[in-house]
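The values are calculated or read from the model by the stated rules, or taken from the named source; none is laboratory data. Since the structure is predicted, the reported quantities are computational estimates derived from the model, not experimental observations. Methodologically, a virtual Cβ is constructed for each residue, glycine included, from the backbone with ideal geometry; neighbour enumeration extends over all protein chains shown. Surface areas here come from the heavy atoms of the whole protein model, side chains and all, with no ligands, DNA or RNA. Shrake-Rupley method; radii C 1.70, N 1.55, O 1.52, S 1.80 Å.
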Amino acid sequence: MTVLDATRSLPVYRKSARERLAEYAPAIIVTIILAVIVIPPVIVLLRTSLRGNDDGVFTLSHYASLFSDPRLYVSAWNSVSFSVLAMLLSLVNGGLVAWLVERTNVRFKSLAYISAIISLGTPYIIYVSAWLYILGRAGPVNGLYRALVDSTGTLFNVYSITGMVLIEGFLWSPLVFLLLSATFRRSNADMEEAARIAGASVFATVTRISLRLAMPAVLGLGLFVFIRNLEAFDVPVLIGTPSKISLLTTDIYLSMTQVPPQLGHASAFSIVLMFVVAVLLYYYGKISKHAERFASITGKGYRPRPFDLGRSKWLGSALILFNAMLVLVLPLAAILYNSLTPFARPVNWTGLTNLTFDHYRAVFAQSYYLELALNTVIVAAASATAAILITSIAAWMNVRRWPGSALLDQLTSVPLVFPGIVLGVAMIEMALNFPLPVYGTLWVIGFAFVIRYLPYGMRYSHAGIIQIHRELEDAAGISGASRPTILRRILVPLISPSLIAGWLFIFLIAAKELSIAVLLAGYNAKTISVAMFDQWVNGAGGEVAAMGVIWTSVMTIFTATLYMITRRRTDLISGK
């Protein structure tokens, strides 16, 4: 008898039902937790959209009235036009700067990163209000036009679709720059250099070589930005509402703020918008899957080389400076000026000689603002911590293919279909029907933030874990370490830079989130963005600007400190 025959004759070991249950239990528990978090909002919205306002019986009347209203199609056209044009602007501006910084020998590269990082810590409402002043009738653009051309006219009407597109495009340019920088950083320069040697111009090289290699990333990011523009709230409500320009998100907000709130109508509206976003996300996933077809990096010895612009180097450097002016210098200067003037006024010598710190005194004199800041930090930090904690475990199980972990990635992706205003509507209905009085508290805002940002936590956690070879975990398991010990003492320390970066990203965007918080905030449970929105609506623009300067400064210092800690941690892990 051969060894093979002897082996075949051995009895096959079969696991008992208890052993199989113990093997599947951890992933099943995490799956149930995620399902309990992300599925109820969808069910609540769907149920409310199909129930009558009075009797609660099944009905399609909300959908019938929605689709029979011609204002829906006007709002849809406005939303699509606004989203497409703003997406193109941010892609052109952010993408061009990303290519210049990562692929060429221009100067002032660090300035582009500084501008992007500071913009992440600036609340959107502050950014929007700054551009409303810059492009408004009393702002410097129209003021210069009246001084040089027409003393009674205006060059630009910011309360228009064009104004909304410009501001939304500038708002997304820094994030587009950060995301496309990674793509261009990994691009091979050989084909660009070959094109230049063959006599191609800089423009031809960029359009026919660089952009084609990065096309999947550009298309995927473009669709992602379009989706985010479609569900944007800050720009539509601050600019579109005063100018009577209706968009889908503002229509939902207005139906929820009526007395009494039109829950059924808003839920039907939300379901329709969710469906549109889900279809767009499906195509976004298909585009992202085919990115490897355009890969141009092979071999571990690859080192990217900068593209020599030659005489055009000065033009590229000027574009970097111009971008910094658009996304950083001008908005911050406008915020600072408005925070130091008694009221909104043109930039002139009279205004500069009447600067005052009254708005700052008003902010520091009221403990209410300190409470708002603490509320914001608490809810943003708690939601970021919860999202990273849940998704790090889910990503670990998913990457290592634990038994029963097949649904984890899909469940964490469900919140992507929720526009912020839609999730706010769902959370209102859930909070009103919850047995405990949570409506109008920080608890419901924090829970909504956790749902909203689970996909971002999953992406950061997944990217960190996939870089760690499982042989380290296997060695620890052979040495007798349990799975919780392996996670706590081996995996988490190694992926800590990714977890910290994910936590910081979620914290910053949660701290300035308006669309969810504005619907869920109570009298004593507001975030800083909601307070700024209320003050802006009430005409206290000076105090809003002062709060914006203070908040942006604090967030910038906090971001820079955490970034340096993360960078040092990364260097320590990599042995640098």
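Looking only at the stretch 160-181, how many residues end up being hydroxyl-bearing (Ser, Thr, Tyr) and under 14 Å from the mean Cα position of the chain (by Cα)? Qualifying residue count for the region: 1. For the stretch 180-230, the set of residues classified as assigned to a helix (DSSP H, G or I), at pLDDT below 80, closer than 25 Å to SER119 by Cβ and open to solvent by 50 Å² or more (accessible area, probe 1.4 Å) consists of ARG185, LEU211, listed by residue number.
With the structure loaded, tell me whether ILE287 is of a type in the set (A, V, I, L, M), over 13 Å from VAL425 (Cβ atoms), modelled with pLDDT of 90 or more and surrounded by fewer than 24 Cβ atoms within 10 Å (Cβ to Cβ) or whether it fails that test.
Numbers: of a type in the set (A, V, I, L, M): yes; over 13 Å from VAL425 (Cβ atoms): yes; modelled with pLDDT of 90 or more: no; surrounded by fewer than 24 Cβ atoms within 10 Å (Cβ to Cβ): yes.
For ILE287, the condition - of a type in the set (A, V, I, L, M), over 13 Å from VAL425 (Cβ atoms), modelled with pLDDT of 90 or more and surrounded by fewer than 24 Cβ atoms within 10 Å (Cβ to Cβ) - is not met.
Restricting attention to the stretch 137-166, the residues being touching a residue at least 40 places away in the same chain (Cβ under 8 Å), under 20 Å from ALA333 (Cβ atoms) and not hydrophobic (A, V, I, L, M, F, W, C) number 4.
Within the stretch 135-167, track down each residue that is assigned to a helix (DSSP H, G or I) and open to solvent by less than 10 Å² (accessible area, probe 1.4 Å).
So the first thing to find is which residues in the stretch 135-167 are assigned to a helix (DSSP H, G or I), and the list is 135, 140-148, 161-167.
Matches in the stretch 135-167: ASN142, GLY163, MET164, ILE167.
Residues in the stretch 239-251 that are of a type in the set (A, V, I, L, M, F, W, C), assigned to a helix (DSSP H, G or I) and open to solvent by 10 Å² or more (accessible area, probe 1.4 Å): LEU248 alone.
The set of residues from the stretch 403-419 being among the polar types (S, T, N, Q) and open to solvent by 20 Å² or more (accessible area, probe 1.4 Å) comprises GLN410, SER413.
Within the stretch 379-438, how many residues are hydroxyl-bearing (Ser, Thr, Tyr) and in a loop (DSSP other than H, G, I, E, B)?
To start, the set of residues in the stretch 379-438 that are hydroxyl-bearing (Ser, Thr, Tyr) comprises 383, 385, 391-392, 405, 412-413.
Now restrict to residues that are in a loop (DSSP other than H, G, I, E, B): 405.
Residues in the stretch 379-438 being hydroxyl-bearing (Ser, Thr, Tyr) and in a loop (DSSP other than H, G, I, E, B): 1 in total.
For the stretch 457-476, the tally of residues that are of a type outside the set (D, E, K, R) and open to solvent by 40 Å² or more (accessible area, probe 1.4 Å) stands at 8.
Rundown of residues vs (1) outside any strand (DSSP E or B); (2) touching a His at 6+ places or on another chain (Cβ under 6 Å); (3) open to solvent by 60 Å² or more (accessible area, probe 1.4 Å); (4) not basic (Lys, Arg), yes/no style:
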| residue | (1), (2), (3), (4) |
| --- | --- |
| THR48 | yes, no, no, yes |
| HIS62 | yes, yes, no, yes |
| ALA76 | yes, no, no, yes |
| VAL80 | yes, no, yes, yes |
| ASN93 | yes, no, no, yes |
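Among LEU499, LEU487, LEU491, which is the only one that is closer than 21 Å to SER405 by Cα, in contact with an Asp or Glu (Cβ under 8 Å, 6 or more places away or on another chain) and of a type in the set (A, V, I, L, M, F, W, C)?
Values: LEU499 fails: in contact with an Asp or Glu (Cβ under 8 Å, 6 or more places away or on another chain); LEU487 fails: in contact with an Asp or Glu (Cβ under 8 Å, 6 or more places away or on another chain).
Of the residues listed, the single one that is closer than 21 Å to SER405 by Cα, in contact with an Asp or Glu (Cβ under 8 Å, 6 or more places away or on another chain) and of a type in the set (A, V, I, L, M, F, W, C) is LEU491.
Would you please name the residue that is most open to solvent (accessible area, probe 1.4 Å), looking only at residues in the stretch 326-349 that are farther than 14 Å from GLY548 by Cα and of a type in the set (Phe, Trp, Tyr)? Checked the stretch 326-349; the qualifying residue most open to solvent (accessible area, probe 1.4 Å) is TRP349. Give me a count of the residues in the stretch 480-513 that are buried (at least 24 other Cβ atoms within 10 Å of the Cβ) and within 15 Å of ASP234 (Cα to Cα). Residues that pass the stated criteria total 4. Cβ-Cβ distances below 6 Å connect the following pairs, each with a first residue in the stretch 309-331 that is under 15 Å from SER110 (Cβ atoms), a second residue that is open to solvent by 70 Å² or more (accessible area, probe 1.4 Å) and basic (Lys, Arg), and a separation of six or more residues or different chains: SER317/ARG107.
Take the conditions under 16 Å from VAL425 (Cβ atoms) and either open to solvent by 40 Å² or more (accessible area, probe 1.4 Å) or of a type in the set (Val, Ile, Thr) (or both) and apply them to VAL44. Does it pass? Show your work before the answer.
Details: under 16 Å from VAL425 (Cβ atoms): yes; either open to solvent by 40 Å² or more (accessible area, probe 1.4 Å) or of a type in the set (Val, Ile, Thr) (or both): yes.
Here the answer is yes, as VAL44 does meet what is asked.
Restricted to the stretch 99-134, and to residues there that are in contact with a Lys or Arg (Cβ under 7 Å, 6 or more places away or on another chain) and part of a loop (DSSP other than H, G, I, E, B), the residue that is surrounded by the fewest Cβ atoms within 10 Å (Cβ to Cβ) is ASN105.
Within the stretch 350-402, the residues that satisfy the criterion of being small (Gly, Ala, Ser), within 28 Å of VAL549 (Cα to Cα) and surrounded by 13 or more Cβ atoms within 10 Å (Cβ to Cβ) are GLY351, ALA362, ALA373, ALA380, ALA381, ALA382, SER383, ALA384.
Do we have PHE233 as open to solvent by 30 Å² or more (accessible area, probe 1.4 Å), among the aromatic types (Phe, Trp, Tyr) and either within 21 Å of the chain's Cα centre (by Cα) or over 28 Å from TYR127 (Cα atoms) (or both) here? The answer is no for PHE233.
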